[in-house]
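Take a look at the structure set out below.
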Amino acid sequence: MNSLFEMFSYAFMQRALAAGVLISICAALVGVSLVLRKNSMIGDGLSHVAFGAFAVATVCSFAPIWFALPVVVAVSFFILRLSGNKRVNGDAVIALLSASSLAIGVMAISLFKGVNIDLNSYLFGSVLSISWSDVCLSLVLTVAIVSLYIFAHNRIFAITFDPDFAKAIGIKTNFYDAIFAITCSLVVVLGMKLLGALLISSLIIFPTLIAMQFSKSFGRVVIWAVLVSVINYLLGLVVSYLANSPTGATVVIVNLVVLISSYLFRRITAK
Amino acid sequence: MGAAIVVEKLSINYGPNKVIKSASFIVEKQDFVCIVGANGSGKSTLIKAILGLLKPSSGKVSFGDGVEQRSIGFLPQETKVDLNFPATVFEIVLSGTLGRLGSKAFYRKADKERALKSLKRLGISELRDESFSNLSGGQKQKVLLARALAATSELLILDEPSNNLDFRSRQSFYATLKALNKAGLTIIMITHDLDVEDLIGNKILSIKEAKVNCFTTSEYLRRYK
């Protein structure tokens, strides 16, 4: 208990706690739509694009978040547009964008050796890099995404379950696709500082997969995903502090253990 | 009775390919129209144009009194829906009423009652709280039909609804459609099942080489069967 008090007496841990909980809520909500629409790889692709944009921004002395945001939003629109085109292999495009962005990022950093960049913190995240302004941005994003899910929950369900039907009954599916693209980009860019480019997509994907083991109703999957995401992040943060392990990797491993346990539990209880 | 849908000189092109060439036909209220044609002949493209999911290259689709594009009950091909999606039957059927919500965010009591009525009409009220993924193929199709019914009081459009159904489920499904048609619904359905003559509709739209021809069912069967 003393360790817990000590842990949260540090300002950087308070920031990591606040930003992490807020980003976990957003990632879980965005993740429900992405996973159920079988677009999980979009999150992964965008995180690699964000890495490239962060690296270029740092080398050019731009503010990384404000440079990365429009880049990632533009790419997410591009990917979403391609995913609706049957003549284009969307998976291949995402893989190409991921590898190219990673390469551009690494190349930018290696060409400008004078710039002091910790590559690891971009790739795997760092709780030390979270500022209070990141926490404020995360709070604004959380309020926006939670409001969207409260007021457009029914429409989000219809679009996620059957986009053709949703369009046929007059729901503006293109508008909601644009909102998905923007919110997903925001979650990836803000979450990247915390978990890193290689791990942020796990925060988007795991909670929904775990929630689907517990519930067979869309509404409950959304609620469970948020709860699981926040609890697993808190667990990961505490374990990483106590075990002195990297926070991002610990959070992912906690999610992995919970997913495997819940899957086994469901299989055993179903018999 | 009056017209439910009037299609005039409708042409649809995909790039240089003409999928539908200057189609003109009228669907009267309470018609039961079957759209037939080979795979890739443009059947789904034609209904997408009627539903407003696709912009025609030329021509127009207009609707009769009391029929609105956004309140058409649509049942897509089963393969377009994730059959393991985590949702209850009621969540799915209720979503059929979304077109009536306008700018409102939440379902009203009337929408819930409408969804319950659709379930009751198809005799699947007891499935209300069941998980969609746990249902049989025939039950899933009825749930999607209930959603379409929740969306409309006038016009149902179905895209190959009997695919993946076994013989008994198919017979039962067609009997349900026939009963709905008798009760006043106009139905347009893409199908390959012209062998169940007594269960299909009164008109056939045949699509061949981008041309759409309209027949009465008996005339079509006399010519081509």
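Below is a table of values for the structure above.
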{"read-out": "Hydrodynamic radius (Kirkwood) for the protein assembly as shown, which is based on Cα pairs only, to one decimal in Å", "value": "25.0"}
{"read-out": "Phi-based couplings in Hz for region A:163-175 (Karplus 6.51, -1.76, 1.60; Gly and Pro marked x)", "value": "x, 5, 5, 4, 5, 5, 8, x, 6, 7, 5, 5, 4"}
{"read-out": "Segment residue B:82-residue B:24, length gained on full extension (0.36 nm per residue, minus Cα span)", "value": "17.4 nm"}
{"read-out": "Efficiency of FRET between residue B:218 and residue A:99 - r from beta-carbon atoms, R0 45 angstrom, step 0.05", "value": "0.15"}
{"read-out": "Per residue value of the accessible surface for region A:2-265 (all protein chains in place, 1.4 Å probe), Å²", "value": "43"}
{"read-out": "Simple spin-label estimate for residue A:175 and residue A:234 in nanometres, 7 Å along Cα-Cβ", "value": "3.7"}
{"read-out": "Pairs beyond 28 Å (Cα-Cα), from B:55/B:120; B:18/B:60; A:38/B:18", "value": "B:55/B:120; A:38/B:18"}
{"read-out": "Sulfur and carbon atoms: percent of accessible area, region B:28-164 [1.4 Å]", "value": "44"}
{"read-out": "Accessible surface of chain A [probe 1.4 Å, protein heavy atoms]: carbon and sulfur percent", "value": "70"}
{"read-out": "Interface residues in region A:151-179 - accessible area drops by 30 Å² or more relative to the isolated chain, probe 1.4 Å", "value": "A:151, A:154, A:155, A:157, A:161, A:162, A:164, A:165, A:167, A:168, A:169"}
{"read-out": "FRET E, pair residue B:103, residue B:60, Förster distance 35 Å, beta-carbon r, rounded to 0.05", "value": "0.80"}
{"read-out": "Distance (nanometres) between label positions extended 7 Å along Cα→Cβ at residue B:128 and residue A:91", "value": "4.2"}
{"read-out": "Threshold 40 Å² - residues in region B:53-76 whose accessible area is reduced by that much or more when the chain is no longer isolated, probe 1.4 Å", "value": "B:53, B:70, B:74"}
{"read-out": "Inverse of mean 1/r across different Cα pairs in chain A, Kirkwood, Å", "value": "19.1"}
{"read-out": "For region B:34-85 versus region A:151-225, the gap between their alpha-carbon centres in whole angstrom", "value": "27"}
{"read-out": "Accessible area buried between chains A and B, both sides summed, probe 1.4 Å, in Å² to nearest 100", "value": "2500"}
{"read-out": "Principal-axis tilt of helix B:109-121 within chain B, Cα atoms, nearest 10 degrees", "value": "70"}
{"read-out": "Size of charge dipole - chain A - debye, nearest 20, with Cβ of Lys, Arg +1 and Asp, Glu -1, no other charges", "value": "740"}
{"read-out": "Accessible solvent surface per residue of region B:1-138, calculated while the other protein chains remain in place, 1.4 angstrom probe, Å²", "value": "46"}
{"read-out": "Pairs of Cα atoms farther than 22 Å apart, chain B, %", "value": "52"}
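The values are calculated or read from the model by the stated rules, or taken from the named source; none is laboratory data. Everything numeric in this text was worked out from a predicted model, so none of it was measured. Don't worry about glycine lacking a Cβ; one is built from the backbone with ideal geometry, like all the others, and counts go over all protein chains shown. Surface areas here come from the heavy atoms of the whole protein model, side chains and all, with no ligands, DNA or RNA. Shrake-Rupley method; radii C 1.70, N 1.55, O 1.52, S 1.80 Å.
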